[in-house]
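Heads up, the thing below is written out as structure tokens.
We did not get these values from a lab; they are worked out from the coordinates using the rules stated. From a predicted model like this one, the values you see are computed outputs, not experimental measurements. All Cβ positions, even for glycine, are placed from backbone atoms using ideal geometry, and neighbour counts span all protein chains on display.
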Amino acid sequence: MIDLIEILTYTGTFAALYFGILIFITLAENRHCLYEKTPLLNLPSVSIILPCFNEENNVEDSLISLVNLDYPQDKLEIIAVDDGSHDNTLDKMLAFQLKNPTIKVLRKENGGKHTALNLAIPQATGEIIGTIDADCLVEPNALKQMLKYFHDPKVMAVVSTIKVRQPRTLMDGIQYAEFIVSGFIKKIISFLGGLTVTPGPLSLFRQETFTIVGPYRQAHLTEDLEMALRLQSQNMKIACAWEAAVYTKGKPDLKSLSQQRLRWQRGFLLNLKDYSPLLNFRAHGNLSFLLIYSLAGIFLSVALILLSLFQITKGVLGHLNQAWLIKFDFLPFFSFKNFNLDWIKLTPLAVMGFLALALILGFFFLGRKYTFEKGKIDEKIFFWILLYPFLNAFWWILTTASVVSGREMKWHGNNPGKKI
């Protein structure tokens with residue numbers, strides 16, 4: 001069993017190092033085109049859809065950030081959709097509309113985020129259609145920065161860079177660091193054609209995209225992931241704009257964060273099952289490699305954590321049995337003559353582990369640099385580095401069990417099945 005753990009550990013660490021090297025090589029090869037420098041000469045008309053459910057505390061701030069976008073008002077259409085909220089979301093929308101008559105407000109019975117988007121898309125008049133979550137704030141220049149990428153006629157969608165708004169708590173710090181790292185990696189894999197999500201916090205699409213691929217779907221409660229896979233299945237290009245920042249609220253506690261990540265991970269596996277032809281190397285090249293690599297990483301992390309827990313439990317029970325035999329008399333073991341540092345060994349695995357840790361730190365600091373993050377580095381990021389791999393593996397264990405068993409996960413609080 002120990003040998004198997006060592007094999008999995010070496011394999012996982014090597015895979016992480018290989019992925020890191022791939023990222024750095026791709027970054028170096030594309031260092032001259034990290035940002036879109038093509039001037040935005042002709043401003044297209046843009047429609048941005050804001051779906052909401054019970055967002056009375058967020059919708060006004062989000063609408064203000066959209067109104068304050070650095071874009072001609074005669075070319076910007078904002079459509080706010082209330083998906084049958086039970087609070088004052090609709091009232092706040094209508095009150096804001098009185099001060100800004102150009103904003104359209106739509107009302108429908110609750111059906112989920114995908115139904116709210118599908119109600120608004122046929123009514124949108126813009127050449128470019130955007131979607132944004134109600135708890136997000138957009139930087140004024142974000143829209144123009146994203147639109148530059150559409151100069152490439154092959155680009156059918158552009159995604160923004162997501163950041164955590166005003167991180168203060170430990171949970172905020174964990175998510176802040178995670179989004180910085182994931183934002184860095186998303187840009188790099190976009191050069192490889194490997195983006196698999198058009199996230200809710202601001203994604204833009206050519207209007208004809210929806211004519212070609214159809215409307216949003218329920219998609220296992222991850223409609224933004226399914227839409228990206230659908231675009232990829234049609235060989236449509238998705239670009240990523242580092243220079244366009246959107247700020248979202250971090251989840252306030254471990255429970256809500258876990259619910260969100262379990263939904264995302266479950267959606268990834270189930271949608272990938274629906275789009276299994278994307279795993280065909282001959283048809284989808286880099287994308288299929290990255291997807292298979294991700295699946296292998298999931299398997300390794302789940303297997304390694306389960307085997308490690310088994311070994312830890314076995315060891316603890318063994319030590320308890322020994323302690324029982326000596327009647328818990330530990331004093332002789334603390335004598336100075338028994339003290340040594342022989343347990344400290346610099347093994348090849350330890351070296352590889354340190355290199356993997358250095359890669360994560362490298363991703364973080366490069367992510368800050370390339371996404372123009374200038375805030376003070378909080379010590380909470382080190383908690384992310386220590387805690388996140390274990391949390392992520394634990395989430396994947398629960399997700400895998402749910403998918404294999406065919407059991408639907410139950411969501412509490414902000415239920416994605418009822419809520420956008």
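Numerical summary
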{"quantity": "Top positive-direction residue, dipole computed over the stretch 85-163 with Cβ charges, set Thr161, Ile132, His151", "calculated": "His151"}
{"quantity": "Size of charge dipole - the chain - debye, nearest 20, with Cβ of Lys, Arg +1 and Asp, Glu -1, no other charges", "calculated": "520"}
{"quantity": "Positive-pole candidate from Tyr10, Pro72, Phe96, dipole of the stretch 1-118, charges at beta carbon", "calculated": "Pro72"}
{"quantity": "Value of relative contact order over the chain, rounded to a whole percent, pairs C-alpha under 8 Å and six or more apart", "calculated": "21"}
{"quantity": "Highest average packing first - 300-312, 153-165, Cβ atoms within 10 Å", "calculated": "153-165, 300-312"}
{"quantity": "Average projected area [Cα convex hull, the stretch 123-227], square nanometres", "calculated": "7.8"}
{"quantity": "Estimated [θ] at 222 nm from DSSP helical runs (n ≥ 4, -39500 (n - 2.57)) normalised by residues in the chain, nearest 500", "calculated": "-17500 deg cm²/dmol"}
{"quantity": "Global geometry of the stretch 1-67, whether rounded, prolate or oblate, following the gyration tensor of its Cα atoms and the 1.5 cut on a/c", "calculated": "oblate"}
{"quantity": "Scattering profile of the stretch 25-121 at q = 0.14, 0.16, 0.21 Å⁻¹ [log10 I(q)/I(0), Debye over alpha-carbon scatterers]", "calculated": "-0.61, -0.71, -0.99"}
{"quantity": "Tilt relative to the chain, helix 89-99 - C-alpha long axis, 0 to 90 degrees, to 10", "calculated": "40"}
{"quantity": "Check: the stretch 27-143 dipole with +1 on Lys, Arg Cβ and -1 on Asp, Glu Cβ, in debye", "calculated": "340"}
{"quantity": "4 °C / 1.567 mPa s Stokes-Einstein diffusion coefficient of the stretch 158-304, Kirkwood radius on C-alpha pairs, µm²/s", "calculated": "80"}
{"quantity": "Packing-based ranking, highest mean first, of 92-105, 355-368 given that Cβ atoms within 10 Å are counted", "calculated": "355-368, 92-105"}
{"quantity": "Inter-label distance for Gln123 and Tyr35, nm, one decimal - labels placed 7 Å from Cα along Cα-to-Cβ", "calculated": "3.8"}
{"quantity": "Charge dipole of the chain about the Cα centre (unit charges at C-beta), most positive-ward option of Gly375, Phe310, Gln218", "calculated": "Phe310"}
{"quantity": "For the stretch 163-176, 3J(HN,Hα) per residue [Karplus equation, 6.51 cos²θ - 1.76 cosθ + 1.60, θ = phi - 60°, Hz, x = Gly/Pro]", "calculated": "10, 7, 6, 6, x, 10, 8, 4, 5, 4, x, 4, 6, 4"}
{"quantity": "Rounded to 10°, Cα long-axis angle of helix 223-233 versus longest principal axis of the chain", "calculated": "90"}
{"quantity": "Bins of 5 Å from zero: percent of alpha-carbon pairs in the stretch 241-298", "calculated": "4, 15, 16, 17, 15, 19, 10, 4, 0"}
{"quantity": "Filter on Lys75/Lys187; Lys154/Lys369; Lys187/Lys237; Lys186/Lys255; Lys92/Lys144; Lys148/Lys249 - keep pairs with C-alpha separation over 21 Å", "calculated": "Lys75/Lys187; Lys154/Lys369; Lys186/Lys255; Lys92/Lys144; Lys148/Lys249"}
{"quantity": "Convex hull (Cα only) mean projected area of the stretch 179-260, reported in nm² to one decimal", "calculated": "6.2"}
{"quantity": "Spatial separation of Cα centroids for the stretch 353-399 and the stretch 109-139, in angstrom", "calculated": "31"}
{"quantity": "Given charges at beta-carbon only (K, R positive; D, E negative), |dipole| of the stretch 110-185 in Debye", "calculated": "80"}
{"quantity": "The chain: angle of helix 380-405 to the longest principal axis, Cα-based, in degrees nearest 10", "calculated": "80"}
